[in-house]
Every structure is written in structure tokens, then in C-alpha cells.
Amino acid sequence: MNAEIVARASPPVAAGDAVVTGLYREHRLALVRLAVLLVGDRESAEDIVQDVFSRLHGKSPDVLTLSYVRVCVLNASRSLLRRRAVAARALVRRRDEPVDSAETIALLGESRQEMLTALGRLPRRQREVLVLRYYLDLSDADIAQATRLRQSTVRSTASRALERLERELGGGA
Amino acid sequence: MTTIEDRLRDALAARAGTVGDDGRPRVVPSPRRARVAARWWWTPVAVAAATAAVVGVTVLGTRTIGSAPPSPATRPTPYSGRLSPPVGQVWPGAVHEIPATGPGGRVFKPDAFVTDRVLVGRTLTANRLDGIWSYELDKRLFTQVAPLTDLGVANDAVVVGDGYVAWSSYRDGKSEIWAVPVTGGVPRAIATLTAVMSSDNAYSGIKKLAIAGGMAVWSPPDGGVYRVPLKGGNVSLIPGTKGFYLVEWPWAGWPAHDTTVDHPITRPFQQLKDVLTGRSRNAVAQKGRSSWSDCGPTWCFNGTAAWQRDGTHRRDLPGTARGTLLSGRFVLLDQRDPGGGQSLAVHDVATKRTGLLFPVPTRRGDKAPPTLYTHEGVIWYRTGKGTQVVIDLKAAGR
């Protein structure tokens, strides 16, 4: 291999790997939590985050930001949900929806569990917008960037999702 | 009172909080090799290589397997040339003009020759079958063989052999096979079988009834070669003939012509089996061709050529062939002359002799042609002048 190419190519790859390592150490848990809220179970969430980080190697350090990794997790969650939907259609009578452990249910309490079940029934886009807005406290502009929607669409989607939750859960508790 | 947003925020935080840090040290997952950017060209190259390999193997396989080199298919050109002489000139001993009606004004339909000089047929009164009669060419004499009172007689020709006349009829869901001595007598039902009905409840008749070795032999529409003694007895399926159809005793073949299926039978009677000895003869298509119109124990033909079953002795036909093989070696031909006239002819593929039957109208105002009836060993048509022309194919083939 040409020595000049090696000299030019090596530093950015090394720098990128260092950034990936830093992001992983700092944000892995938060990203797993985000994935749990999107896909519903911890095992799948862990797999998604591992998978995302395994694909980040070799990327330029310029793109390796937390928001970028969040979008990767978001996309990976969508892929998983799509695969689950295909599997559910193929096996009509079998539903592979993740079930929380008894311990988790006990920790959450009935009211929260009810809310999370209703959240799980929302369409994918509405669920994503609510999680990004009410868990990560992202601005509508950031949500729009992460989900590739217009801000107005983000607002209307969130509004419709909340209306539906309110309708299903009967307002305040 | 908490709003739905507060409840949502609380629930999300609580659910996320259930995912605790277990404190185990973790390492960053190792990179995926398949996603290395430098390999972007690998997929299209691999696809191209695989495609080339498949195409290459296919081309090699199709070009090397098979003995004959491929030759381009040629569209059969309509025969145009000299019309053949009339049948009466070609086979004077086999063509007879006989009365179209018998005693009592009965319409006589010739079915089969008993000898060169005697033929049998069915008679109709008021368009209904009423008897089986024989006709002696030398004495010009009709003689009744048997009356037919059963209206269930099928519209198939009677067959002769071993001094008997046999025919099939249909009654109450049963096929019956009848026989009577050709010298006359009382008809006897020698076999009664469950009739094979089509899906739309139509009676399909008996395929190819024949008399051989003191037996009546036939194939029902669902295949197999059956036999029963002419003097009565048990009906039996000849072993090893299941699915086969009688072609010409003792030969049975597969696949048979079938107009009830929605696709043409492209290689009729490709397999042929001697039902007595089990000997088989498979037909061979002509070079560059994969189908034919019909195939008998000796001869096969398509629209433009005839050849022997083993693929040899190919000969071009002096016209465009139609229909099925008659008596194992005759075909009907459409012949055109350069002046635009068209005629129907009968051609013996074994001797290459052709006799003209009658002209076919090609222009407005031309006279309509008569109906040509084809039975085993006999073809005939009415002249429209109170007579009918009967051609004894067996005699013509001698």
C-alpha cells in the first residue's frame, strides 16, 4: 500500500474509533433506555444499541455526535418493529410482542403500566415523537431533524397522539 | 390534577429507570467487516460473475446435449402445385360408388368393409338408427344383419372382424358392447360397463372399439385396454395397459388426443406398447421439431411431412396435412393449384400415392363440399346425386 495513503488515512480512523468509544462509555445506558421505550423490551434494546455501535467504526469523527447515534437507534428500532410486524402477519395467531417482567410491572405500578401499554398501541411515528419529546425533552426542531419530519408535522403528530392517549386513559388520574 | 403529559413523562421516566446499570465493564462492539467501505465494489462484481457462470453453463449445456445440431424452425409453406388425379384413377379397386339409400328409403351409412366386395353400415329412417345392413358390391344387394330398436346406440361406427359386427351403446349410465354375426342374427350385449361421464355430465363413448382374436377390445375415455370374448364372458383389463389407449390392435399408446383439456397434445401417442408382448416403440420428432399431429405404429406426420416412428424415411407431403392418421398410413391433404383452386385429397404415406376426393370452395359462389366421413379402414362422402363414394383404405394400401 502507498505510504502516503496510509499516512493520510490512519489518523481520522483512529480518531473516529476514539469518539465511538467515548460515546459508548457515556451514553450506552441512555440509548438502551431510549430503545426500551421504542421497542418495549430490554433484550431487544440492548441488541439494537450494540448493533448501532458496531456499525459506527470507520465513520468520520465529524458525524459522530450523540444526536446522530440517537437517529441510528431510532432507525434500528423501526427496523426491528417492521420485522416484528412481518413476523406477526406471517404467524397470524402468534403474537411476539414483548412482555415486561413481573418485577418491572411491580416497580412501575398499574397506572404507569396502563400508560405504557397505551403508548405501545400508538402508531410508530406518534410513539417516537412522544418518547423524544417527553423522555429526552428534545425540542420540536430536534425531533423534526431526528425523525425527518417538518416541525409542524411533529407538533400535529404529538397533539394527535396525546389526544388519543387522553381518550383511551380518560384524562387525569 | 396531573395532565396526560405529566403522566406520560412520569411513565416514560419510570420505565427507563427500570433499565439500571449493572456496573459490568463493557467494551465497544467490534466493527462489522461486511460494511467496510473499501469493499463497495464486491457485490456487483460477485453478481456479475454468478450471472456469467449460470449463462455459460446453460449455453454449454443446451448446445452440447442432444445429438442433432439446432436448425432454425421454418414456417410451413402451403403446398402449391399440380393437383393429384382423382381417387378412382389412383385406386380403381378400392373406390366404389354405391346407392345412398337402401330398402324402404333408409339412409345407408357405410361403416366398414367385411371383405373387398362386402361392406356393412347403419341405416336410418326419419333420421333415427333402425338397423345394421350389409351391402354386396357385385350383386348391388342390401341385406339386413340386425335390426336396431334401442335408441341408446351411440353415434360411433360399427366394427367388423372374425365374422362379427360389434358396436357400443349407452343406457342408464352404462356403456354396452353388442355383437352379432355378420351373417345375421340377434344382437347380444356382450359387456356392460359403468359409463365414463365428463364433468358436465356428457357421455364420452368408447374410444376405438375393435375386434381381434375372437375378442372385442376397446379403451374407455379414462384409458386402459379392455377385452371381452365375442361370445360373451368376463370383461378384463389387459395387464400393463392402464393409462394407455388402443391405437391399432395390438398397439396401445400414450398420450391420446384429448379435446377436453385446455392445451393441445403436442406429441400424441409418443409411447406405444404391444399389449400382448409388452414391446414398446417410442416416436422420434423430426430435426428441429418437437411435436407432430399424429403417430401410428409405423407412420407419424405433421402438417408438411411424414416419417417413420423411429425418425427415418422422412418424406414431404404433396399438400398440407390435417386431421389424424387413417388406417395407420393415410392422411388427408389440402392441395392448392397455382390458379387458386383447392381440393381435398387422400395420401398414402407408405406408397406416396395421392388421390383427389373433391374440390374445396375458395371463391364466393363455389359449391359447398360434401361431408367426409372417416372410419377405421373406410372414408366416404355423398355425391349429392343419390349415391355415395366409399373408399376402402385397406384395399388402397395393397
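Annotations
- Residue within segment B:342-352 that is closer than 20 Å to B:ALA112 by Cβ, of a type outside the set (A, V, I, L, M) and surrounded by fewer than 19 Cβ atoms within 10 Å (Cβ to Cβ) present: no
- Considering only residues in segment A:66-81 that are over 9 Å from the mean Cα position of the chain (by Cα) and polar (S, T, N, Q), the one that is nearest to the other protein chains (Cβ to nearest Cβ) turns out to be A:SER79.
- Condition broken by B:GLY214, with the remaining ones in (1) at pLDDT 85 or above; (2) surrounded by 14 or more Cβ atoms within 10 Å (Cβ to Cβ); (3) within 28 Å of B:LEU237 (Cβ to Cβ) satisfied: (2)
- Selection count, segment B:342-397, where residues are among the basic types (Lys, Arg) and in contact (Cβ under 8 Å) with a residue 24 or more places away in the chain: 4
- Matching option when the condition is crowded, with 17+ Cβ neighbours inside 10 Å, part of a loop (DSSP other than H, G, I, E, B) and on the phi > 0 side of the Ramachandran plot, among B:GLY240, B:GLY223: B:GLY223
- Screening B:SER199 against (1) in a loop (DSSP other than H, G, I, E, B); (2) at pLDDT below 90; (3) surrounded by 14 or more Cβ atoms within 10 Å (Cβ to Cβ) leaves a single unmet condition, (3).
- B:VAL284 without any contact (Cβ under 8 Å) to a residue 24 or more places away in the chain, surrounded by fewer than 18 Cβ atoms within 10 Å (Cβ to Cβ) and over 20 Å from B:GLY397 (Cα atoms): no
- Taking segment B:284-398 and the strands (runs of 3 or more DSSP E) fully enclosed by it, the elements with 2 or more residues that are in contact with a helix residue (DSSP H, G or I) (Cβ under 8 Å, 6 or more places away or on another chain) are at B:342-348, B:353-360, B:378-382, B:387-392.
- If the condition is being in contact (Cβ under 8 Å) with a residue 24 or more places away in the chain and either closer than 15 Å to A:LYS59 by Cβ or facing chain B (nearest Cβ under 8 Å) (or both), then segment A:19-31 contributes A:VAL19, A:VAL20, A:LEU23, A:TYR24, A:ARG28.
- Every residue from segment A:112-169 that is surrounded by 20 or more Cβ atoms within 10 Å (Cβ to Cβ), within 13 Å of chain B (Cβ to nearest Cβ) and hydroxyl-bearing (Ser, Thr, Tyr): A:TYR134, A:TYR135
- Filtered residues of segment B:135-145 (kept if more than 10 Å from B:GLY102 (Cβ to Cβ), touching a residue at least 24 places away in the same chain (Cβ under 8 Å) and not in a loop (DSSP other than H, G, I, E, B)): B:VAL145
- Search result, residues across segment A:37-65 that are free of Cβ contacts under 8 Å to residues at least 12 places away in the same chain and within 10 Å of chain B (Cβ to nearest Cβ): A:ARG42, A:GLN50, A:SER54
- Which numbered condition B:SER204 misses (of (1) of a type outside the set (A, V, I, L, M); (2) farther than 21 Å from B:THR115 by Cα; (3) loosely packed, with under 15 Cβ neighbours inside 10 Å): (3)
- Count of residues meeting criterion [over 29 Å from B:LEU209 (Cβ atoms) and among the acidic types (Asp, Glu)] in segment B:347-398: 1
- B:ARG75 at pLDDT below 70 and more than 11 Å from chain A (Cβ to nearest Cβ): yes
- Among the residues of segment A:80-88, at least one is modelled with pLDDT of 85 or more and closer than 27 Å to A:GLU26 by Cα.
- Residue count for segment B:258-273 under the criterion of being within 22 Å of B:THR194 (Cα to Cα) and either buried (at least 18 other Cβ atoms within 10 Å of the Cβ) or in contact (Cβ under 8 Å) with a residue 24 or more places away in the chain (or both): the result is 1.
- Scanning segment B:321-341 for residues that are buried (at least 18 other Cβ atoms within 10 Å of the Cβ) and modelled with pLDDT of 90 or more yields a count of 11.
- Applying the criterion of being more than 7 Å from chain A (Cβ to nearest Cβ) and in a helix (DSSP H, G or I) to the residues of segment B:14-33, the residue that is modelled with the lowest pLDDT is B:ARG33.
- The lone exception for B:VAL95 - which of (1) aliphatic (A, V, I, L, M); (2) at pLDDT 70 or above; (3) under 30 Å from B:PHE301 (Cα atoms); (4) over 29 Å from the mean Cα position of the chain (by Cα) it fails: (4)
- All positions within segment B:363-388 that are farther than 12 Å from B:LEU326 by Cβ and either exposed (fewer than 12 other Cβ atoms within 10 Å of the Cβ) or among the acidic types (Asp, Glu) (or both): B:ARG363, B:ARG364, B:GLY365, B:ASP366, B:LYS367, B:ALA368, B:THR371, B:GLY384, B:LYS385, B:GLY386
- Flag for B:SER236 being closer than 22 Å to B:GLU176 by Cα and among the polar types (S, T, N, Q): yes
- Meets criteria (more than 7 Å from chain A (Cβ to nearest Cβ), exposed (fewer than 11 other Cβ atoms within 10 Å of the Cβ) and either modelled with pLDDT under 75 or under 60 Å from the mean Cα position of the chain (by Cα) (or both)) for B:ALA37: no
The values are calculated or read from the model by the stated rules, or taken from the named source; none is laboratory data. Note that the structure is predicted; figures quoted are calculated from it, not measured. Heads up, the Cβs are rebuilt from the backbone with ideal geometry, glycines too, and the neighbour counts pull from every protein chain shown.
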